[in-house]
Amino acid sequence: TRFIIRLPFSLSVTQALLARVGDSLFAIPLLSIELVTRLKESEFRAYLTGEQVLHQYSGRNYPIHNLGILVSSPHILPFEEVADRRPPTLLFRSAEASAALQVEAVLGNQEIIVKPVSPQFNGVPGISGATVLGDGRVVVVLELAALVRNIGSQAQKQSESRALRAARQEARPEK
């Protein structure tokens, strides 16, 4: 008897955290997350008003950003409409940068098989691949290091300020 086993070299298996951002679900490799915590209500309110807020953990400062804005989802709910006023936050730290990335919900972790994306998506920063969940949903796997490196860019700063300004304007009562 002869067995032939063909293994694809383009696949990798890793533990990932599933996080909901707006209406989208993303997988984030656990190796890139330092800690999952919650923001204080005062920090979250200050961030939504447009202030540059630092979340402190273990003697380190992490600038707060919304993960949805970093992945080009420009809609943020005003503070008055948010169900969870102490939202979950992913703390990321590398040698170059650190950030507290606010998400709507953390749905747990699971082992995933990461398949690389096609060449059309190679120019999109922050996407390292995709995976198919057990229920058939295709989920994008994020590369937090690339997303956090992109935070300092002028385009990213403008996108974040536009989204926060829109959230503040939605919160104002109609005249």
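Observations on the model:
- Note on region 105-128: residues that are buried (at least 16 other Cβ atoms within 10 Å of the Cβ) and at positive phi amount to 1.
- Checking the stated criteria, Val141 turns out not to satisfy the condition of being under 21 Å from Ser12 (Cα atoms) and open to solvent by 90 Å² or more (accessible area, probe 1.4 Å).
- Residue that is closer than 17 Å to Asn66 by Cβ, in contact with a Pro (Cβ under 7 Å, 6 or more places away or on another chain) and at pLDDT 90 or above, where the choices are Val140, Val103: Val103
- Summed over region 46-75, residues that are of a type in the set (Val, Ile, Thr), touching a strand residue (DSSP E or B) at 6+ places or on another chain (Cβ under 6 Å) and open to solvent by 10 Å² or more (accessible area, probe 1.4 Å) total 1.
The values are calculated or read from the model by the stated rules, or taken from the named source; none is laboratory data. What you are looking at is a predicted structure, and each value in this text was computed from that prediction instead of being measured. Glycine also receives a Cβ, built like all others from the backbone with ideal geometry; neighbour counts cover every protein chain displayed. Keep in mind that these areas ignore ligands, DNA and RNA; they rest on the heavy atoms of the full protein, side chains included. Shrake-Rupley method; radii C 1.70, N 1.55, O 1.52, S 1.80 Å.
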